[in-house]
Amino acid sequence: MSRDVERLTASNPGAMTLEGTNTYLVGRDPAVVIDPGPEDPGHIEAVRGAAERRGGIGTVLLTHDDDDHLAGVDLLGIEPARPADGETVAGLTTIATPGHAAEHLSYLLPDGDRRFACFCGDLILGAGSTIVGPRRLGGSLAGYMRSLERVGQYDLTVLYPGHGPEIDDPRSKIEEYIEHRLMRERRLVAALDRGERSRRALLGEVWDDVPEQLRPAAAIAMEAHLEKLDEEGRLPTDLRD
């Protein structure tokens, strides 16, 4: 089955956005727009032009409400649909994938017999790993791990991420993402079991491969890991709030 998908990448590169935010146009007569992107008139004009060549915009969908995915909505001038988990809109089936954000959604596009392409937003990136914060920031590592496992239950042909190139081996990438978080957890638990309690020391030991400019993001990730351990009753009592 031929996928009728076009990707436009916004000019908002950065450590978290990679080359920029990906906007996807799916189908035609009319097209679906997934994640309009940032408040960038040039990008929105490109999206509008691509959509016109596809017969206009019928539906706008969001994977989540971070500004780099949502802020272009006003410029586009079309209110996004807000489908529920399991709801099908314009041929795309919605699956709730919280973790990076509480409201995070992914969308499945049929791509053969019981196979799907998946628009996964910031659940999985085309390169590197995504940030998952604690609940106070709208994230949840426990929820994120469940979302990876849920997406992994489908027979996927490709992942279309919110940032970076498409992923042609979805199963391997999902397994890689799960193992990456479990590796951090194993190292964190080992340090805690050894008696380390300094958060600065824990960060330096467990996230020792993270560049200095990304240490603040790593500190947020560590908070999410500690929160998950607490929720599971595995956090040392002297670290509980």
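Structural remarks
- Out of Gly121, Gly126, sole residue that is at positive phi, within 11 Å of the chain's Cα centre (by Cα), at pLDDT 95 or above and open to solvent by less than 50 Å² (accessible area, probe 1.4 Å): Gly121
- Scope the range 32-76; condition part of a helix (DSSP H, G or I), more than 20 Å from Glu103 (Cα to Cα) and among the β-branched types (Val, Ile, Thr); matching residues: Ile44, Val47
- Of the residues making up the range 195-218, those that are open to solvent by 40 Å² or more (accessible area, probe 1.4 Å), closer than 18 Å to Gly128 by Cα and without any contact (Cβ under 8 Å) to a residue 24 or more places away in the chain are Asp208, Asp209, Pro211, Glu212, Arg215, Pro216.
- Failed condition for His225, given (1) part of a helix (DSSP H, G or I); (2) open to solvent by less than 70 Å² (accessible area, probe 1.4 Å); (3) more than 28 Å from Pro13 (Cβ to Cβ); (4) in contact (Cβ under 8 Å) with a residue 40 or more places away in the chain: (3)
Here's the yes/no breakdown for (1) within 11 Å of the chain's Cα centre (by Cα); (2) within 15 Å of His64 (Cβ to Cβ); (3) touching a residue at least 12 places away in the same chain (Cβ under 8 Å):
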{"position": "Thr97", "(1), (2), (3)": "yes, yes, yes"}
{"position": "Leu105", "(1), (2), (3)": "yes, yes, yes"}
{"position": "Asp111", "(1), (2), (3)": "no, no, yes"}
{"position": "Pro134", "(1), (2), (3)": "no, no, yes"}
{"position": "Ser140", "(1), (2), (3)": "no, yes, yes"}
{"position": "Gly152", "(1), (2), (3)": "no, no, yes"}
{"position": "Ser172", "(1), (2), (3)": "no, no, no"}
{"position": "Glu175", "(1), (2), (3)": "no, no, yes"}
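- Residue in the range 10-22 that is of a type in the set (A, V, I, L, M), under 15 Å from the mean Cα position of the chain (by Cα) and loosely packed, with under 15 Cβ neighbours inside 10 Å present: yes
- All positions within the range 31-54 that are loosely packed, with under 15 Cβ neighbours inside 10 Å and either touching a helix residue (DSSP H, G or I) at 6+ places or on another chain (Cβ under 9 Å) or not charged (D, E, K, R) (or both): Pro41, Gly42, Glu45, Gly49
The values are calculated or read from the model by the stated rules, or taken from the named source; none is laboratory data. Quantities reported herein were computed from a predicted structural model and do not represent experimental measurements. Note that each Cβ is placed from the backbone with ideal geometry, even for glycine, and that neighbours are counted across all protein chains shown. What goes into the accessible areas is simple: the full protein's heavy atoms, side chains included, and nothing from ligands, DNA or RNA. Shrake-Rupley method; radii C 1.70, N 1.55, O 1.52, S 1.80 Å.
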